[in-house]
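What follows is one structure encoded as structure tokens, with my remarks underneath.
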Amino acid sequence: MDTTRPDRLISSYGRRRGRPLRAGRAALLDDVLPRLTISAPPAGTILDPRTLFVSPKVVWLEIGFGAGEHLVAQAEAHPDIGLIGAEPYINGIAGLLARVHEAGLGNIRLWPDDIRLLLPALPAASIARVFILFPDPWPKARHHKRRLIAPPFLDALARIMAPDAELRFATDDPGYLEWSLERLNAHPAFSAFTTRPEDWQIRPADWPATRYEAKGLAGHPPAFLRFRRRGERP
């Protein structure tokens, strides 16, 4: 994708490619991905996400969808909602495309790059729900600057989220949980649905599990956080 990257944009994700793809999945990248990919808007222009879909009720955004299990489950459960998935990892994108193709879904669009390159083009208050599930915690102190949950990113997220929109965040890293809670609770645009730690261990019924989550259950239990976009502007 041909996008202009700000010089100071520090990567919040790791590698872009993994093992070589099987022929079938490589073909999906050639045949299906171009039809679902959001074109990079010219600098300074606004992209109304509703125009990417056919009469969507609202538009949701998942940032870092991994192999796409959660994104596909949400699309199947909510055919009247448009879903944008952002993921720079090519192997994950290929996994999602296989699921989309098999299920025949028409309400998913993709941004196969860093979401921070798209956020400035989205209108204010245009997204009704945001999912950030198990992002890379970058556990080493020297890498903390790469963590996605940081004040500048939360500022950009708050701008595009509609009043009362929901932010769903999950992590199985205790250090990143503490880090994220500190920054989310300090941000004037967000308020937590609950502040009781015991509630964070309960995954809501409409929050589909992923294979990554299942693997993590053998270690630290995941935390499922829900924040509301305050109605007033900060």
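Things worth noting here:
- Largest GNM mean-square fluctuation across GLY175, GLY85, GLY64, computed for the chain with C-alpha springs under 10 Å, falls on GLY175.
- When ILE160, ILE38 are sorted by how many other C-beta atoms sit within 10 angstrom of their C-beta, beginning with the fewest, the order is ILE38, ILE160.
- Among ASP199, ASP114, ASP173: highest mean-square fluctuation, GNM of the chain, C-alpha pairs under 10 Å: ASP199
- Residue separation of HIS143 and GLU178 scaled by 0.36 nm, minus their Cα-Cα distance, works out to 11.0 nm of gained length.
- Ranked GLU213, GLU178, GLU102, criterion: other C-beta atoms within 10 Å, fewest first: GLU102, GLU178, GLU213
- Here r is the Cβ-Cβ distance between PHE193 and ALA103 and R0 is 30 Å; the resulting FRET efficiency, rounded to 0.05, is 0.50.
Any read-out appearing in this document is the output of simple, stated calculations on the displayed coordinates, not a laboratory observation. Because the structure is a prediction, the values reported are computed rather than measured. Because the Cβ atoms are built from the backbone with ideal geometry, glycine has one as well, and the counts that use them run over all protein chains shown.
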